[in-house]
1. Is the chain best put as rounded, prolate or oblate by its Cα gyration tensor, with a ≥ b ≥ c the root eigenvalues, rounded for a/c under 1.5, and otherwise prolate when a/b is larger than b/c, oblate when not?
2. Would you work out if segment 130-259 is rounded, prolate or oblate? Take a ≥ b ≥ c from the square roots of the eigenvalues of the alpha-carbon gyration tensor; rounded if a/c is under 1.5, else prolate when a/b is larger than b/c, oblate otherwise.
3. Mind putting a number on the dipole of segment 59-190 about its Cα centre? Charges go on the C-beta only, +1 for Lys and Arg and -1 for Asp and Glu, and I need it in Debye to the nearest 20.
4. Across segment 130-259, how many lysine pairs separated by 8 or more positions, or lying on different chains, have Cα atoms within less than 28 Å?
5. Filter the GluC sites (Glu not before Pro) in segment 182-251 down to the DSSP loop ones having no more than 16 other Cβ atoms within 10 Å, then list what survives.
6. Just flag the GluC sites (Glu not before Pro) in segment 72-167 sitting in loop per DSSP whose Cβ has no more than 12 other Cβ atoms within 10 Å.
7. In what sequence do M168, M288, M314 fall when counting other Cβ within 10 Å, fewest first?
8. Based solely on its DSSP helices, what 222 nm [θ] is calculated for the chain when runs of n ≥ 4 H residues each add -39,500 (n - 2.57) and the sum is averaged over all residues, nearest 500 deg cm²/dmol?
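Rule-based calculations on the coordinates, nothing more; no lab input. Quick caveat: nothing in here was measured; it's all calculated off a predicted structure. As a convention, Cβ positions derive from the backbone with ideal geometry for all residues, glycine included, and neighbour counts pool all protein chains shown.
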Amino acid sequence: MRAYLIAALSAATMAAPAARADTVADFYKGKTVTVMIGVSVGGEYDLLARLVARHIGRHIPGAPNVVPQNMTGAGGLVMANWLYNLAPRDGTNVGVIQNGFPSQQAVGLPGVQFDANNYAWIGSIAPTVETLAFWKGADVTSVEDLRRHEVVIGSVGKSNITYTFPMMMNEFAGTKLRIVTGYPGGNDINLAMERGEVAGRNNTWSSWKATKPKWLADRDIAIVAIEGPRPKDLPGVPSIQDLAANDDDRTVIRLVASGTQFGRPMVAPPGVSAERIEALRKAYDETMRDPEFLKDAATLNVEVDPVSGERMQMIAAELLATPAHLRQRARPLVE
């Protein structure tokens, strides 16, 4: 009798994961998963979100149809708030959110209507390296050029790294950047650079390589500063932390620029069942190893160095636990 009970319990335990997988597959079969994108078409967020959307459906149990959809406004904040508060909480809606939103919550910015701890973090293709780049006609090739005279730079808005990066340069490196806000997305700022409306912009190194490889090949832009993990192909370019005067300043910079650790993160709203979150995370991880995905990523010059959903969940929690006095110092740089 005892042997029978042990065998029955063992069989039930082994069957549980399969049963959960079947339940998830039954739910997703024939459904559509929408990947929300908070910025306009053409920039890196849009490109990477669409890249993942093309492939992840094959790895979600039940093989649902996956459709990307843009919802712009407030530098992506409109979409992030919608996803958290209004999106269906059944696993059929996920979003690629701006990586600076957790730090904006940490410093208490108005307009943030979510708790990053309560998002279900799914995955990210890679961490990022932020850069400050200038068009060849602007005659800016170094930080010293930015310290000598005012230079106009384009930005999506105050709730976006395109604003906080140049703000940090002014605060910690003594530059004289004048920030023009209101561009719908990064592609719009690129056009403004070509037209001579602005001299430069913040963008990630991976985005430049993915969206503007010809600009790099033709040396149309000069990278004068970075923040984040130092790339091997940008030797000698100073980071904002390199330019900072003391450790307290560097701590604030790390807080403000913490989005580099998230890369281009995909999240689900709170309230989605644990089984479906587990399935979505597994699907994302499998997508990052999918030969067809990797082939597409290579074609787009996208570097793949995945950050797991579990890792991002921990980063968000650590960030939001930053001591209050450091968060107070950081706030003026992102509001």
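1. prolate
2. Here segment 130-259 falls in the rounded category.
3. For segment 59-190, the charge dipole is close to 100 debye.
4. For segment 130-259, the number of qualifying lysine pairs is 14.
5. Details: sites: E194, E197, E227; in loops: E197.
Loop-located and lightly packed - E197.
6. Loop-located and lightly packed - E150.
7. M314, M288, M168
8. Details: 15 runs with 158 residues, N = 335.
After summing the helix terms and dividing by the residues of the chain, the value is -14000 deg cm²/dmol.
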